[in-house]
Amino acid sequence: MTTKTSNAAELTSTSTALMTLNPPRNGTKQAKLVSMLSRKSGATLAKASETLGWQPHTTSATTTGLRKRGYAIERQARDGKPSIYRINAEKTAPLPETVVAEVAA
């Protein structure tokens, strides 16, 4: 039987550090989800699903996709309440140099 170790966070931060951020296109529902998760207060899956008009499993799968794109999404468990999800900007992969150059111009 295999057990998960507590190194999952380390693996995530290491793999994120080796990649560059692949942000969604502006104006898409994924971009709106990134905006919601980037707020200091974060968002619950239920609130994000309601706002985006998605089923909860779709919202959950999209957060997984955002992790694969380089976003460091953290989950805060709360006693008896839904978990809150946030993007940790400090641990998120950097933007590609081409995007940084476009933003600076």
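The values are calculated or read from the model by the stated rules, or taken from the named source; none is laboratory data. Note that the structure is a prediction, hence the values are computed from the model and not measured. Here Cβ is always computed from backbone atoms with ideal geometry, including for glycine, and neighbour counts include all displayed protein chains.
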Q | Residues within region 52-72 that are under 11 Å from K29 (Cα atoms) and in contact with a strand residue (DSSP E or B) (Cβ under 8 Å, 6 or more places away or on another chain), tallied | A | 0
Q) Hey, G80 hits all of (1) touching an Asp or Glu at 6+ places or on another chain (Cβ under 6 Å); (2) at positive phi but one; which does it fall short on? A) (1)
Q: Output the helices (runs of 4 or more DSSP H) that fall wholly within region 1-93 and possess 3 or more residues being at pLDDT below 95 and hydrophobic (A, V, I, L, M, F, W, C), or say none.
A: 8-17
